[in-house]
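Just so it is clear, none of the values below were taken in a lab; they were calculated from the coordinates. Quantities reported herein were computed from a predicted structural model and do not represent experimental measurements. Cβ: placed from backbone, ideal geometry, glycine included. Neighbour counts: every protein chain shown.
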Amino acid sequence: MLGQWLMILGNGIALPCAQSMVMLPYKKQAGAAAAMSGGGQMIVSSLVSMSLVQLGLNQAWHLSIVIMLFSVFTLINILKGFAEADKLEDTSL
């Protein structure tokens with residue numbers, strides 16, 4: 001139960017922030033940007049889920065390994081994004 005609670009808490013914190021960042025450049029088309037973001041997430045997650053089942057994932061701990069790998073990948077991309085933003089900010093000064 002603790003693991004599920006932590007996952008729900010993390011999603012509750014991360015998803016609104018991600019959604020607002022997606023819509024930030026598209027202020028006049030925020031609804032379309034939100035819909036495309038949500039639709040894209042659903043399509044990608046369904047394709048990944050079907051692929052994982054075809055690969056033979058049938059235990060909960062298998063899925064936890066996949067979630068951890070995606071989490072590490074996401075963290076690396078976030079850190080790269082912050083580093084790139086710092087570079088852009090330094091050059092604009």
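Some observations on this one:
- When residues of the stretch 8-42 are limited to those that are of a type in the set (Ser, Thr, Tyr) and part of a helix (DSSP H, G or I), the one nearest to Phe70 (Cα to Cα): Ser37
- Of all residues in the stretch 47-56, none satisfies being touching a Gly at 6+ places or on another chain (Cβ under 9 Å) and either in contact (Cβ under 8 Å) with a residue 12 or more places away in the chain or assigned to a helix (DSSP H, G or I) (or both).
- Per the conditions (1) surrounded by 10 or more Cβ atoms within 10 Å (Cβ to Cβ); (2) free of Cβ contacts under 8 Å to residues at least 12 places away in the same chain, the sole criterion not satisfied by Ser37 is (2).
- The stretch 65-93, residues that are part of a helix (DSSP H, G or I) and either more than 22 Å from Ala18 (Cα to Cα) or in contact with a strand residue (DSSP E or B) (Cβ under 7 Å, 6 or more places away or on another chain) (or both): Ile65, Asp90, Thr91, Ser92
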